[in-house]
1. Quick one: count up the residues across the stretch 1-20 that are at pLDDT 85 or above and not in a loop (DSSP other than H, G, I, E, B).
2. May I ask you to list pairs of residues, at least six apart or on different chains, whose Cβ atoms are under 6 Å apart, with the first in the stretch 1-12 being in the same structural domain as SER24 (by TED's automatic domain parsing) and the second being surrounded by 10 or more Cβ atoms within 10 Å (Cβ to Cβ) and of a type in the set (Lys, Arg)?
Amino acid sequence: MIDEKGNIIDVNNKQLWKMTDLKSGEFPKIFPFTKFNIQRVQGDFEMNPSGNPMLKKRADGKLVDNQG
C-alpha cells in the first residue's frame with residue numbers, strides 16, 4: 001500500500017519504505033519477507049593467498065564459480 005506521500009506502508013499505516021528509497025517505483029529487492037540465499041550472491045570460489053577469489057571462465061568467456 002502507498003500513502004499520500006508515495007511511501008510504501010503496511011496495513012497498520014507503518015512506513016516500510018520512503019518514496020526516495022524506491023527504485024523505479026519499487027522497493028529494493030532485499031526485504032524481510034523475501035527468500036534470500038546469501039550463498040547465491042557470494043558464489044563458491046577458491047581464494048588466492050591474498051584472499052581474492054580466483055575467477056574461472058567458461059569456453060564462452062563468461063565467469064563462473066565452482067558450482068558453474
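The values are calculated or read from the model by the stated rules, or taken from the named source; none is laboratory data. Predicted model, so just to flag it, every value in this text is computed and none were measured. Here the Cβ positions follow ideal geometry from the backbone for every residue, glycine too, while neighbour counts run over all protein chains shown.
1. The total comes to 7.
2. Listed by first residue and then by second, the contacts come to ASN7/LYS18.
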